[in-house]
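The values are calculated or read from the model by the stated rules, or taken from the named source; none is laboratory data. Source: prediction; values computed, not measured. When we count neighbours, we look across all protein chains shown, and the Cβ atoms used for this are built from the backbone with ideal geometry, even at glycine. Just so you know, the surface numbers come from the protein's heavy atoms only, side chains and all, with ligands and any DNA or RNA stripped out. Shrake-Rupley method; radii C 1.70, N 1.55, O 1.52, S 1.80 Å.
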2 protein chains.
Amino acid sequence: MRYEIRLSGMGGQGLVLAGIIVAEAAMAQGKNVVQTASYGPESRGGASRSEVIVSDKEIDYPAVIEADYLFAMTQEASDKFIPEVKSGGMALLDSTWVKEIQKGGASSVFHHPLTETAIEKFQKAIFANIIGLGIMCKSSGIVDPAFLEGALLDRVPKRFKDANKAAFEFGMELFESSKLAAV
Amino acid sequence: MRYEIRLSGMGGQGLVLAGIIVAEAAMAQGKNVVQTASYGPESRGGASRSEVIVSDKEIDYPAVIEADYLFAMTQEASDKFIPEVKSGGMALLDSTWVKEIQKGGASSVFHHPLTETAIEKFQKAIFANIIGLGIMCKSSGIVDPAFLEGALLDRVPKRFKDANKAAFEFGMELFESSKLAAV
């Protein structure tokens, strides 16, 4: 089993942190994990890219070949990486930013205005990534929710723990209550 | 120019965070950067490994081939990775944990009891990585100190900013005052 996750958007959306949290949760579950963040000069306020490879075996090649799961938070990231989703893979798109929803080879594409919802429910755009983590957790099944929540709470400052927990659980509920748009 | 940094020690020593800080500083300076953290099942309290590749050009291969700089905080990490330091490269070893100092192909090996110093000067072992960042910054020259300090202060909780700044500056002074042991 090798499972490849790609998270891509703008600097400041917290997708590098989201990747680290997934990596630490999978590691705590006893998996082999490689977490990667790539930054180019264009990424000052521009593109940010984070990858997590989870495997039961040793990981030879430390980069995504074809993503099993794409979490994209800009139109640019969606346009660029949807074609690289594995046939039968999944994608989660923040429709606050991704206006043109494409499917590529993905079997399921979920879209929800994560950033708008984060502002509305949690008064801060920065929780959009955490709502997304909740959706990704439930839709992918790649990490146990309790481990992911544990890794999240280990990583965030004390005074934001409650809000992060609420945002994560809100994301899981969004998926479970089928309130997500899907193509 | 491609410069490869490897940081390795135990989980909890903050070497993944140190790698992220170096990566963000180099990115802010306009470099291409790939930052990687690898975790195996053995890493629950065991081995932690973090890599940063800095380049003026696009980075094709996202992993260390031969390290230009090794920062090792356990005997195991030092034993394992000193042989993979590039001929002419550098190493920084935390001699609180690395008792048997080896040189491998490195042109310079600095060693200092970082963890003991962190406890003595800053009352917390967790600042050892940040003192190390100060030493690495000055000895490698790979990132500008102002950018590295900026990236550090962006990443740490507000109430620890002053202590982190002091630990980073203390590390730079350790190198500049030639108070480091070198082989």
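Checking A:ALA118, A:ALA125, A:ALA182 one by one, the residue that is open to solvent by less than 30 Å² (accessible area, probe 1.4 Å) and either under 22 Å from A:LYS31 (Cα atoms) or hydrophobic (A, V, I, L, M, F, W, C) (or both) is A:ALA118 and no other. So which residues in the stretch B:145-159 are at pLDDT below 95 and open to solvent by 70 Å² or more (accessible area, probe 1.4 Å)? B:ASP154, B:ARG155, B:LYS158, B:ARG159, listed by residue number. Among the residues of the stretch A:8-53, the ones that are under 14 Å from the mean Cα position of the chain (by Cα) and under 20 Å from B:SER48 (Cβ atoms) come to 18 in all. Going by what's in this entry, would A:ILE130 be described as outside any helix (DSSP H, G or I) and hydrophobic (A, V, I, L, M, F, W, C)? It is false that A:ILE130 is outside any helix (DSSP H, G or I) and hydrophobic (A, V, I, L, M, F, W, C). Restricting attention to the stretch B:36-54, the residues being open to solvent by less than 10 Å² (accessible area, probe 1.4 Å) and at pLDDT 95 or above number 3.
Return the only residue of A:VAL64, A:VAL16 being farther than 24 Å from A:LEU114 by Cα, out of contact with any helix residue (DSSP H, G or I) (no Cβ under 7 Å at 6 or more places or on another chain) and open to solvent by 10 Å² or more (accessible area, probe 1.4 Å). Full working, then the answer.
Details: A:VAL16 fails: farther than 24 Å from A:LEU114 by Cα.
Exactly one of A:VAL64, A:VAL16 is farther than 24 Å from A:LEU114 by Cα, out of contact with any helix residue (DSSP H, G or I) (no Cβ under 7 Å at 6 or more places or on another chain) and open to solvent by 10 Å² or more (accessible area, probe 1.4 Å), namely A:VAL64.
Total residues in the stretch B:160-183 satisfying the condition of being modelled with pLDDT under 95 and aliphatic (A, V, I, L, M): the figure is 4. Quick one: is A:VAL33 closer than 12 Å to B:TYR39 by Cβ and more than 10 Å from chain B (Cβ to nearest Cβ)? So A:VAL33 does not fit the description; no.
Residues in the stretch A:67-87 that are open to solvent by 10 Å² or more (accessible area, probe 1.4 Å) and closer than 18 Å to A:GLY141 by Cα: A:ASP68, A:LYS86, A:SER87.
Any residue that is more than 18 Å from A:LEU133 (Cβ to Cβ), more than 11 Å from chain B (Cβ to nearest Cβ), open to solvent by less than 40 Å² (accessible area, probe 1.4 Å) and of a type outside the set (Asp, Glu) - is there at least one of those in the stretch A:93-102? No, every residue in the stretch A:93-102 fails to be more than 18 Å from A:LEU133 (Cβ to Cβ), more than 11 Å from chain B (Cβ to nearest Cβ), open to solvent by less than 40 Å² (accessible area, probe 1.4 Å) and of a type outside the set (Asp, Glu). Checking each residue in the stretch B:126-145 for being over 12 Å from B:ILE21 (Cα atoms) and either polar (S, T, N, Q) or without any contact (Cβ under 8 Å) to a residue 24 or more places away in the chain (or both) picks out B:SER139, B:SER140, B:GLY141.
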